[in-house]
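Engineer: One structure is given below, represented as structure tokens, and several questions about it will come after.
The values are calculated or read from the model by the stated rules, or taken from the named source; none is laboratory data. As the structure is a computational prediction, the values presented were derived from the model and not from experiment. With ideal geometry, Cβ positions are generated from the backbone for all residues, glycine too; neighbour counts draw on all protein chains shown. Remember, those area values only see protein heavy atoms, side chains included, never the ligands or the DNA or RNA. Shrake-Rupley method; radii C 1.70, N 1.55, O 1.52, S 1.80 Å.
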Amino acid sequence: MVIIVLTLHNNDCVMELDKMDENDWKYHGEGNKSLVVSHSQHSRVLRLLKYPAENAEHAHQTTEQAFRHIQNIVDFNKNIMKQLLGEKYVHHGEAVKLPLDFVRQLSLKVQQERPESRCDKVMDTFSGCAVCLPNLTQISTCHNNEHRPPLCIEIKPKCGFLPFSRHVSKEVKHKVCRFCMHQHFKLANGKWKTMSRYCPLDLFSGNKQRMYIAIKHLLEEPQNNLRIFKKGELIYGCKDDMDLNELVQHLKPYFPTNGLINGHQSSKAVLNELIQVITSALLSSWDSGRIGEPRKGQPTEGRAHCEASILHRDMLRNGNHYPPKDCVLSKIRQAQMLDSLDIEGLYPLYKRVEQYLEEFPKERNRLQIDGPYNENFLEKVKNCPSEDDGSIEYAVGKVHQYRVAMTAKDCSVMITLAPSGEEELPEPNMEIQPSKPRFTYSVSILDLDPKPYENIPHQYKLDLKIVNYYLRSIQSKQEPPKPSLYLERDHDDCTLVFHSV
């Protein structure tokens, strides 16, 4: 019998490969390049790669190459992103080889649960390779409460700063963030039916009012930037049948209100409380277990507000805030800002590298274009010269920095909340309001795959398309903001009990 023993999420998990049953696993979700299934009993998930349906059989030549691909993902998480974002936030998992029969049966089982929009790609059923990870929708150290099981909020925050590079050719990129511009392009191409009013710069601002509005807009139009799980089951996200009213019913046991339980005001208050808890978790410092205070001051690079945000004019009058330096938002933004040149400044360096590799193809391994993602790669990222000396080392260093930054721009933040029971007393130095809900929490960063080197030309062309389309679209009259039926700021804060998990 072959057994793989994994230590995940502070628990010893054992997978007996000859006893794996597809019925023990259920569909959990998927992104552009991978599909995730979760175990029905144990706190772990399997992440399997996907390929376009038309060339799935030829997507990789050998099982060894597929396993190397999976191992590269694990190494990039462990040796690069974990070092930049912090060990507390990143769970790198472990590469595993699964029985092919199990994988094929699993693919058939989950197919009916997949969103139609994702079915243009199929799960890899030829290699049996996957990443085994902790199930971050659960907090294993907390007692399971059937009435109030753990809640998990997954946010894909996107890029939290405006380009400050002198290579930017269109002034609008210094004023309007990429996400807000991209919304116009996605709407025109049928990616989404409704435009999101969420602006990443509001979420990353550290200003609680701006963060409140940003999360409110994610709730109103989640697209693929917000998902909410209860007991590991998706209860709110981008599916067409998702409804805020249904979400409120799920949340009411966690945020009891005074009177009017079935009333409109109660629904508003419940969502307001949820937003406050999310904001508190995003601003908390993991090491201290406290909610950090937003910082005021002038931005180090570029402006801190987006002209497309509905809060733009108010923020000009109120000054800039920044999140506490040790909170998860600051960690992500710091990694994102490794993209100091913007794609317009990076693309000529990419072409310099391509020309060099045409002349010296054997140098590809030394320059670590395709990995390995180890300490040497991290050194190239951290110690790249600030000024271009014309060398290939500078160009490669900037390309590596850009790829890391793009990973940080596309990552997800997972906030898992478990109600604290009466017996779970807070730390003596923590201020607790007995009348408000208390939660134990964990914050993690996921979706940290390395972005392909070969994808840089596509990013350059896409950037041009997004900016040019936005400039054309803003000439037409914009739709007035929709009134908010639920969310107003007329409440007190919830209180988190901070226990690092």
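Engineer: Criterion first (outside any helix (DSSP H, G or I), over 30 Å from GLY206 (Cα atoms), touching a residue at least 12 places away in the same chain (Cβ under 8 Å) and out of contact with any Lys or Arg (no Cβ under 7 Å at 6 or more places or on another chain)) does TYR350 satisfy it?
Structural biologist: Taking the combined requirement at face value, the residue does not satisfy it.
Engineer: On the basis of being out of contact with any His (no Cβ under 8 Å at 6 or more places or on another chain), open to solvent by less than 40 Å² (accessible area, probe 1.4 Å) and under 17 Å from ILE415 (Cβ atoms), does ILE155 make the cut?
Structural biologist: The answer is yes for ILE155.
Engineer: May I pose another question? Search segment 39-67 for residues being over 22 Å from VAL110 (Cα atoms) and crowded, with 18+ Cβ neighbours inside 10 Å, and hand back the single one that is modelled with the lowest pLDDT.
Structural biologist: HIS60
Engineer: Give the residues of segment 443-455 that are at negative phi and open to solvent by 10 Å² or more (accessible area, probe 1.4 Å), sorted by residue number.
Structural biologist: Matches in segment 443-455: LEU446, ASP449, PRO450, LYS451, PRO452, GLU454, ASN455.
Engineer: When segment 174-198 is examined, which residues are found to be among the hydrophobic types (A, V, I, L, M, F, W, C) and open to solvent by less than 50 Å² (accessible area, probe 1.4 Å)?
Structural biologist: VAL176, CYS177, PHE179, CYS180, MET181, PHE185, TRP192
Engineer: Can LEU357 be described as surrounded by fewer than 19 Cβ atoms within 10 Å (Cβ to Cβ), among the hydrophobic types (A, V, I, L, M, F, W, C), farther than 30 Å from ILE275 by Cα and modelled with pLDDT of 95 or more?
Structural biologist: It is true that LEU357 is surrounded by fewer than 19 Cβ atoms within 10 Å (Cβ to Cβ), among the hydrophobic types (A, V, I, L, M, F, W, C), farther than 30 Å from ILE275 by Cα and modelled with pLDDT of 95 or more.
Engineer: Read through the list (1) open to solvent by 10 Å² or more (accessible area, probe 1.4 Å); (2) within 27 Å of GLY160 (Cα to Cα); (3) more than 21 Å from the chain's Cα centre (by Cα), then give the number of the only condition that ARG333 fails.
Structural biologist: Tallying (1) open to solvent by 10 Å² or more (accessible area, probe 1.4 Å); (2) within 27 Å of GLY160 (Cα to Cα); (3) more than 21 Å from the chain's Cα centre (by Cα), ARG333 fails exactly one: (3).
Engineer: Still on this structure, I have one more. In the set LYS33, LYS19, which member is touching a strand residue (DSSP E or B) at 6+ places or on another chain (Cβ under 7 Å) and modelled with pLDDT under 90?
Structural biologist: LYS33
Engineer: Only one of SER169, SER165 is open to solvent by 10 Å² or more (accessible area, probe 1.4 Å), within 26 Å of SER386 (Cα to Cα) and in contact with a helix residue (DSSP H, G or I) (Cβ under 9 Å, 6 or more places away or on another chain). Can you tell me which?
Structural biologist: Answer to the check: SER169.
Engineer: Between residues in segment 366-383 that are touching a residue at least 24 places away in the same chain (Cβ under 8 Å) and residues that are outside any helix (DSSP H, G or I), which pairs lie under 6 Å by C-beta distance while being six or more apart or on different chains?
Structural biologist: Note: pairs meeting the criteria are PHE377/GLN368.
Engineer: Looking only at segment 118-151, which residues are at pLDDT below 85 and touching a His at 6+ places or on another chain (Cβ under 6 Å)?
Structural biologist: SER140, the sole residue that qualifies.
Engineer: Which one of these does LYS191 not meet: (1) more than 22 Å from PHE439 (Cα to Cα); (2) in contact with a Cys (Cβ under 8 Å, 6 or more places away or on another chain); (3) charged (D, E, K, R)?
Structural biologist: If we test LYS191 against (1) more than 22 Å from PHE439 (Cα to Cα); (2) in contact with a Cys (Cβ under 8 Å, 6 or more places away or on another chain); (3) charged (D, E, K, R), just (2) comes out false.
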